[in-house]
Amino acid sequence: MANSKLFKNILILLAFALVLISCSNSDDSGEKEAEDTIATVEGFYTGSIEITIDGNDITVPMSLIVNMASTNKFEGDFFETNSFSPCCSSNPQDGTFNFDYNPETMSLTNFIIRVDFNIDPGNPCTGTYTGAGTLDTSGNANRIVAQMNVDDCNVANTPAVFTVTKVSEL
C-alpha cells in the first residue's frame, strides 16, 4: 500500500513538472512576433516610382535599405537607382526615410522620404515624399507598395506609386 501511494505521488509530481515545463517553453511574451516582424521588414529592396509629370508616365528606379529603428518603426537609406548607390547626390545616399509598421494589418503609415539631390552644390534639390502603403508577404518575396505624394524641386504635390521588392536580408 505504501509503495502504491508513493508511486501515485511520484506520478503526480512528474505530471506537475511537465505542465510547468510546457508552460514556460511556450510563454515568450511576444518576443517571437517581434523577431518575425524585424525579419519580415528589414532588408534590401529594389523597384520603382511610377509618376506622371506633365502628362508623361515616368518610371524611376529606386532602392531602399530598411533597418529597424525601434518597435514597429523602421528607417533607412533611399536611392533613386536599383544599385544602392546615389544617382543625384554627393552624399552616400539620395535621401533617408522612415515609416511605422503594423504587423497585424501589414500597413505602413507615416511613410516619409526626405530627398537631398545635391549633385550641384550651388543648386541643391531637396524634397519630401509622404504617404502610406502595405507590406505584401505573399509569394516568395516581400513587397512594399506605397501611395506617395511627391514634393521636390521638380514637382509639387504630385501623386506617385512606389513598389519595391526585397532582394535580400541585411
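The values are calculated or read from the model by the stated rules, or taken from the named source; none is laboratory data. From a predicted model like this one, the values you see are computed outputs, not experimental measurements. Cβ coordinates were reconstructed from backbone atoms using ideal geometry, including for glycine residues, and neighbour counts include every protein chain displayed. Surface accessibility is based on the protein's heavy atoms, side chains included, excluding ligands, DNA and RNA. Shrake-Rupley method; radii C 1.70, N 1.55, O 1.52, S 1.80 Å.
Report whether or not ILE144 is within 14 Å of SER63 (Cα to Cα), at pLDDT 95 or above and in a strand (DSSP E or B).
Answer is yes for this residue.
Pick out the one residue from THR163, THR105, THR128 that is touching a Lys or Arg at 6+ places or on another chain (Cβ under 9 Å), open to solvent by 50 Å² or more (accessible area, probe 1.4 Å) and β-branched (Val, Ile, Thr).
Numbers: THR163 fails: open to solvent by 50 Å² or more (accessible area, probe 1.4 Å); THR105 fails: touching a Lys or Arg at 6+ places or on another chain (Cβ under 9 Å).
Being touching a Lys or Arg at 6+ places or on another chain (Cβ under 9 Å), open to solvent by 50 Å² or more (accessible area, probe 1.4 Å) and β-branched (Val, Ile, Thr) holds for just one of THR163, THR105, THR128, which is THR128.
For the range 108-125, which residues satisfy the criterion of being at pLDDT below 90 and either buried (at least 20 other Cβ atoms within 10 Å of the Cβ) or not acidic (Asp, Glu) (or both)?
First, pick out the residues of the range 108-125 that are at pLDDT below 90: 117-125.
Answer for the range 108-125, where residues must be at pLDDT below 90 and either buried (at least 20 other Cβ atoms within 10 Å of the Cβ) or not acidic (Asp, Glu) (or both): PHE117, ASN118, ILE119, PRO121, GLY122, ASN123, PRO124, CYS125.
In the list THR158, THR130, THR165, which residue meets the criterion of being under 18 Å from THR81 (Cβ atoms), polar (S, T, N, Q) and touching a strand residue (DSSP E or B) at 6+ places or on another chain (Cβ under 6 Å)?
Of THR158, THR130, THR165, the one residue that is under 18 Å from THR81 (Cβ atoms), polar (S, T, N, Q) and touching a strand residue (DSSP E or B) at 6+ places or on another chain (Cβ under 6 Å) is THR165.
Give the range 61-76 a look and list any residue that's touching a Ser or Thr at 6+ places or on another chain (Cβ under 6 Å) and open to solvent by 10 Å² or more (accessible area, probe 1.4 Å), or say none.
PRO61
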